[in-house]
Each structure stands twice: as C-alpha cells, then as structure tokens.
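Here's the structure we're looking at; comments come further down.
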Amino acid sequence: MSLFGKFTLAGSEFINRRGLYAGRRSTKVHVAIYRRTRGKMGGNLPGWPQPRIALIDHTGAKTGTKRTSPLMYHEHGDAIVVAGTKGGQPSHPAWFHNLMANPDTTIQIGSKVREVRARLATDEERDQLWKKMVAIYPGYDFYERNAKGRKIPVVILDPR
C-alpha cells in the first residue's frame with residue numbers, strides 16, 4: 001500500500017467515523033468525469049492499485065428516477081460484486097434499495113457497458129466474497145465495524 005493509499009484510507013475513516021457521507025455531493029461530478037474519459041479518470045480508487053470503480057445504473061424504487069452510482073467492485077467469474085457500505089453508516093445506501101426493487105440494469109466498466117441483473121448474495125456467498133473484498137481494500141473492514149451491527153449487503157450483478 002502506497003503512502004497516498006494510507007492517507008486516503010485514513011481520510012475516509014476520519015470522515016465516515018463522524019457520520020459524514022459525501023456520496024450524493026460527489027457522485028454527479030465523479031460520474032461525469034468517468035463517462036467523459038471512459039473510465040480513464042475516476043476508474044480507480046486514488047492510491048490503491050486493485051480497487052476499481054464501475055458505474056452502476058439504477059432506477060428509483062419510489063420515484064422511478066434514473067440514477068448512476070460509482071462503486072468499488074470485485075470480479076467474481078462473469079459477475080460483478082459490489083457492497084452496500086455507505087461508508088459504514090447505519091443505513092443501506094439508496095442504490096441498494098433501488099437495485100433490489102428494479103434488478104435489471106446496466107453497469108459501465110471503463111468504456112464497456114454491460115446488461116446485468118442484481119441479486120443479494122446468499123450468506124455463504126457473502127462470507128466468501130467479503131473476505132476477498134477486504135483483501136483488496138481493507139477499508140471494507142472499517143465500514144463493517146463502523147456500521148454498528150448493520151450487516152453490509154453484498155450484491156452480485158450477474159450478466160443478462
């Protein structure tokens with residue numbers, strides 16, 4: 001882990017420990033940059049070589065509004081796996097509720113757009129995948145501790 005990686009991890013923990021969640025504030029800018037550069041900018045977590053970022057499209061469960069969220073992901077065979085950490089906050093992120101209500105969606109990784117169907121990982125799948133995700137980005141361990149008993153959901157995005 002680089003010095004910059006340690007700095008970004010410490011900064012993330014500091015902000016999230018205080019209940020500050022910048023997701024909505026920063027998402028639009030991140031998505032715009034990612035799309036404009038086809039993932040060349042915004043496609044990785046600063047200071048971390050392994051965690052990569054995908055754009056996950058989702059439709060509002062209540063509003064029907066189309067939204068996009070940049071999320072760290074893990075490849076699992078042909079599927080993509082994401083975790084509903086919300087920075088370790090006590091509630092699930094909105095995108096999670098939206099995907100559970102409207103599971104057929106698209107994701108963008110770099111310049112490639114894929115059609116996928118979201119599903120909640122079984123307990124057995126979650127345990128296996130969570131360990132792999134923490135190995136790639138140790139911040140997931142902090143998020144789980146900070147969530148104060150909330151079981152962070154792991155979502156599998158299977159190809160359609």
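Worth pointing out:
- Relative contact order [Cα under 8 Å, 6+ residues apart], region 3-159, whole percent: 24 percent
- The GluC sites (Glu not before Pro) of region 44-128 include none that DSSP puts in a loop with a beta carbon having at most 15 other beta carbons within 10 Å.
- Straight-line cross-link partners of Lys112 among the lysines, defined as a Cα under 20 Å from its Cα and at least 8 positions apart when in the same chain: Lys28, Lys40, Lys66.
- Region 3-159 pair-distance distribution - Cα-Cα, 10 Å bins, rounded %: 11, 41, 40, 8, 0
- Rounded if a/c under 1.5, otherwise prolate or oblate - region 53-136, Cα gyration tensor axes: oblate
- Once the Cβ-Cβ distance of Asp78 and Lys148 is raised to the sixth power relative to R0 = 30 Å, the FRET efficiency obtained is 0.30.
- With a simple spin-label model that places each label point 7 Å from the Cα along the Cα-to-Cβ direction, the separation between Lys28 and Val134 comes to 3.7 nm.
Laboratory data are not the source of any read-out in this text; all were calculated from the coordinates shown. Remember, it's a predicted structure, so these values are computed and weren't measured experimentally. So basically every Cβ, Gly included, is an ideal-geometry build from the backbone, and we count neighbours across all protein chains shown.
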